[in-house]
Structures are given as structure tokens and as C-alpha cells.
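The values are calculated or read from the model by the stated rules, or taken from the named source; none is laboratory data. Everything numeric here is computed off the predicted structure, so don't read it as measured data. All Cβ positions, glycine included, derive from the backbone under ideal geometry; neighbour counts span all protein chains shown. Only protein heavy atoms, including side chains, enter the accessible area calculation; ligands, DNA and RNA are left aside. Shrake-Rupley method; radii C 1.70, N 1.55, O 1.52, S 1.80 Å.
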Amino acid sequence: MTEKRTDKWWQDAVAYQIYPKSFKDSNGDGIGDLNGIREKIGYLKDLGVDFVWLNPVYQSPNVDNGYDISDYQAINPEFGTMDDMTQLIEEAHANGIKVIMDLVINHTSDQHPWFLEACKGEDNPYHDYYIWSDTAEKPNDWQSIFGGSVWEYVPSLKKNYFHVFAKEQPDLNWENKQMRESIFRMIRWWLDQGIDGFRIDAISHIKKSSWETKARPDWPHSPFTNVKGISKYLKELSAVFKEYDIVTVGEASGVTAEEATERVGNDGYFNMIFEFEHISLWQRDKNEAVDVVGLKRALGRWQRALDYGEGWNALYMENHDVPRSVSVFGNDAPQYWARSAKALATMYLLLQGTPFIYQGQELGMPNMTFTAIDQLDDVTAKNQIKALLGEKDQATKTLEILELMSSVSRDNSRTPMQWDWSDNAGFSTGKPWMAVNPNHKTINVAQQIKESSSVLNYYKQLIKLRKTKDVLAVGHYEDYLPTDEHVFVYERFLEHERVLVIVNLTKESAEITLPQTVVGKSWSLLLTNMEEDKETSAVTETVTEKMTIAPYQALVYVHN
Ligand code: GLC
Ligand code: CA
């Protein structure tokens, strides 16, 4: 039997993540908005994107930039109106681009009417929509993900409510059936507006352990991450999703590859999940090299676990919660910046799964060098800065903090998108809500459209390649040289079609010896990130047993 190209549209698709606040401002107030996204549909189409994921655009006091929702069925006025949203969906659809939204249902804002009602008293019907301690005492010493206790005291009630994230983000009580029904009604309402699916936020946390449970010493968040019994709620949720022909991607912190098939297999709860194993490797001392072996192991484990119809991977190297990939996994020094951005793109875009590109990643946008504390916006950055500064603002401490933030803060990925060379990078005619990276004078869309060898044009080539080769869409995965500390070598294969991917993920040149199963075939070069060096011996047109791979070199071969 011939294995055919998939019949599930999202398996064949390339996704693009938009952080609306920083994508494009249409009215000069310095804040990106829905009409700004609309202006850029042509850009997305040209890039080859099939669907976009919008970070939250709902009504929100913006303590956590939209992840604290005060009305699920209203658009935050700074982003526009419901009509703008409808128009965006229509125009995107007319251009062959689907739209998925962020679904934040582990918690609401403390300004959500449900929570305001809940605080009025125990008899209020909404009280039990949230999670409360029985007495004034905190039931345990669990630590929230954003720092500090998970419990927050409400004097008028003499009780504490529970929050996994900031105290302004009280957790919803999934044990309450009315609460679940309210959430499901809201989900159906949005799907009836014609959106094409959801990215489901923080879904690993909707079930909590009993209060006396101790946190694992190596993992402070274990009592509220993937707790036994969560599947009951995931099943109910997925039953709602299955009423519609949509795509769902769960944010699945703490889920291992072994557990993944339950989440995304044929009877899984989601079509795909964002795993955290590989991405968490960004967290290391900035002088330490990338753990290439660990990265290959994590990605390879997920590739194998979901291959042969077991499930489907969501592929990503960046999002709004992590620093820029070229700065943490690649190398943003001038001589390697473009080459390493392309190397990373080659490495992850040709794996099995649906690739997600985070806005600006396709330009190789690096981290920001923050030069003042007030340039930082993220709630977690602010908490961290407060803790580091102590009471007084000291100049030396400030410099250290700025250096730290310039490498670890989530704000690195939230600076405005760089459209051109102009003062605000073409993002806004007003004062941007967040500082524009000064490097937009050289790194921007307008520039990269013109340059044939730009990172942007390389992304376009990769996307096109995925779409024209069945083997890259649905082919299986196998990797070689798992212990090599520099080079990632893997193959995609489907019947007689084979593609070999070789990527050096370090700044050292590396010698590799390929196995006979690979060397015995005849290959020709399909794509490289060192096109300009093709005339020299640095790029070999074919595969040989012993090869020298230049720093951050990427080579893609096809079996003849
Ligand atoms: C998810 C989001 C993150 C947010 C958190 C709380 O991890 O990606 O941005 O802060 O959930 O909603
Ligand atoms: Ca605006």
C-alpha cells in the first residue's frame, strides 16, 4: 500500500505565531492591533504560512499581557473591535490562511465578573468557580510558577484563593461542572464565529493534587502539573473540540514523550502539543555551549514517539515565553548570525510535524540589549528584578540585572516586529509600547526581501521544500551519530524517497563519519545555508563517508 500524503490539513501546514501587541500597529497608538495584522496578510501569504496562532486578544487588564482574561467574549479595545476580528478572519480565509486563537482556561483575571462575584461570599453561585482554602491559613507551601505562594488571602472572606501564575490570575475550579459548562459554551461560541481552532494555554495545570501533597524536591510545580485525574477534564474538553473540524494544540509543560500518545494519539485530546523538553535547554549559563547531544535526544525522542501514526508533533524553536533562538541555540555574533539562524531553521523545519514560526524568527531577530529597567515589561521579569534589586535602586546592580534580562527575559521575544529601517521599524507611527530593537536598521523585512540570501528568503525556501516533497510532509524519521557533540544528522524517508539533513549546531568545524546505510546511496545537494560558498570546497555536492562540516553549516541532500 502506498503511504499517501496526509488528508489532515494541519499536518501539511506551516503555522505562524503572532504576538498581536508587537506585530503591527495600524492607528499610531504604539500598540499592535487586529487591523495591523490584516495589513500583513499579504506578507504571511508570501511567506507560505497556512495558519496563524494569535496570542490572547480578549478583554484583559494586561497583568500578564492578555493571559489574564476579564471577558472571554470581548476583544481588548487596544487591539480593536469584534468587527475587526470578524474581518480579520474573513480576509485571512479569503487568502487561504486559517486563524487559531489562544484558549486560556486554567485561570481568569481577578477582574473577571466570575471572580468578582466569587469574592462576594460563599453563597454566591460563582464562589465555587474558583479554588479556596477552608480557613485563613494557607493549606500548603506550594510555590507558584511566577514566584511566591500559590495562595492569596482575601480579608473579607478570611480565606485564600489558589493561583498557579500571578496573583491576578486566579485558577478556575475544574471540579465544578457549571464552571466547565460555562467554559465549553464560550468555546463553542468562538468556534461558531468561524475560527479554526485553539492553542490551549497551561492545560497541564487544570487538576490539582490534594492539599497535603508535598512538591517533588526537584520540581516545585509537581502538585499541580499533569496530576492524576486530569484526563477526565481533558476528555470532556476534547469532546467539545470534536464537534468541530478544527486544529488544537495543547501547551503541555511536563508531559514526556512516553505520555504524549495519550494526549495526541488517534483518541488523544489534542491534535498536537507543544512539548517542553527540547526548549527548556535554553536555560543554561550563557557561557556554556548548547547541549547538542541533549537537544538531539529530546527532539529525537519526540519524533520517534509520535511516528507511524502514533500522534503528531508541533515543531518550534521560539515563542513569546522564551528568548530568541538565534541568541540561545544559535550564535548572534555578526559572522555567524545569519548562518546559525538558517541552521536552526533547517534543523527543526524538516522534522516530522507541523512547524510553528514565531514572528521575527524568520528574520533571525536576536535578543534585545536592554539599557534601562523600564524597558522591561513582563510580569515575571518585573518580579525577578524586584527581588534582585531589593529595596534600593543601585547603579551597579542595575547593570548586572540589565545584562541578565537581555539574555533571559521573555521580553526579548516581545519587542516590536521589524518591518523596515525607519525609526520605529515600520511597526508604528507613534511611540511603540515597548522599545524597538536598535538592530532594526539592519535586520528588517524590507531589507531581507531584497537580499536573495537573507534569512527570510531561506525560510521561504524551506517552507516551499516541505510543501513540494511528500517525504518531508509525512516521511518517517531516523537519526545518526546521536553522541556527536556538534552535528545533528537525520533522515526522513518514505518508500523510495529519502532526504538527509546535516546541521552543525556549534561554532567549531566538525568531522563526521557517516554509516554505510547512508554512504552507500547516491545523494545530491538540495539546499545549503552556505550557498555563497558553493564554489569553494566548503560545500560538498554529495555525501561521503568522512565529511567536514563547517561551523553552523546546514546541508540537505536528496537521494537520487
Ligand atoms: C502560558 C503562556 C504564558 C503565560 C502563562 C499563564 O505559559 O504561554 O505566556 O504567562 O501561560 O497564562
Ligand atoms: Ca494600535
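Quick grid of which residues meet (1) of a type in the set (Lys, Arg); (2) within 16 Å of ligand 1 (Cβ to nearest atom); (3) buried (at least 22 other Cβ atoms within 10 Å of the Cβ); (4) over 22 Å from the mean Cα position of the chain (by Cα):
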position: Lys45; (1), (2), (3), (4): yes, no, no, no
position: Gly48; (1), (2), (3), (4): no, no, no, no
position: Asn55; (1), (2), (3), (4): no, yes, yes, no
position: Ile69; (1), (2), (3), (4): no, yes, yes, no
position: Glu78; (1), (2), (3), (4): no, no, no, yes
position: Thr81; (1), (2), (3), (4): no, no, no, yes
position: Thr86; (1), (2), (3), (4): no, no, no, yes
position: Glu91; (1), (2), (3), (4): no, no, no, yes
position: Asn95; (1), (2), (3), (4): no, no, no, yes
Select from the range 241-277 the residues that are assigned to a helix (DSSP H, G or I) and open to solvent by less than 40 Å² (accessible area, probe 1.4 Å) and list them in ascending order.
Phe241, Ala257, Ala260, Arg263, Val264
Inspect all residues belonging to the range 17-30 and state whether any of them is open to solvent by 50 Å² or more (accessible area, probe 1.4 Å), in contact with a strand residue (DSSP E or B) (Cβ under 7 Å, 6 or more places away or on another chain), more than 16 Å from ligand 1 (Cβ to nearest atom) and not hydroxyl-bearing (Ser, Thr, Tyr).
no
For the range 8-42, give me each residue that is among the polar types (S, T, N, Q) and touching a Lys or Arg at 6+ places or on another chain (Cβ under 7 Å).
Ser22
Which one of these does Asp423 not meet: (1) within 21 Å of Gly32 (Cβ to Cβ); (2) of a type in the set (D, E, K, R); (3) assigned to a helix (DSSP H, G or I); (4) out of contact with any Leu (no Cβ under 9 Å at 6 or more places or on another chain)?
(3)
Note on Leu494: of the conditions (1) out of contact with any helix residue (DSSP H, G or I) (no Cβ under 7 Å at 6 or more places or on another chain); (2) surrounded by 14 or more Cβ atoms within 10 Å (Cβ to Cβ), unmet is (1)
Every residue from the range 93-109 that is in contact with a Leu (Cβ under 8 Å, 6 or more places away or on another chain) and not polar (S, T, N, Q):
Ile97, Val99, Ile100, Met101, Asp102, Ile105, His107
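Yes or no, residue by residue, for (1) farther than 22 Å from Lys207 by Cα; (2) away from ligand 2 (no atom under 16 Å from the Cβ); (3) at pLDDT 95 or above:
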{"site": "Leu237", "(1), (2), (3)": "no, yes, yes"}
{"site": "Glu243", "(1), (2), (3)": "yes, yes, yes"}
{"site": "Ala260", "(1), (2), (3)": "no, yes, no"}
{"site": "Gly268", "(1), (2), (3)": "no, yes, no"}
{"site": "Asn287", "(1), (2), (3)": "yes, yes, no"}
{"site": "Leu299", "(1), (2), (3)": "yes, yes, yes"}
{"site": "Asp332", "(1), (2), (3)": "yes, yes, yes"}
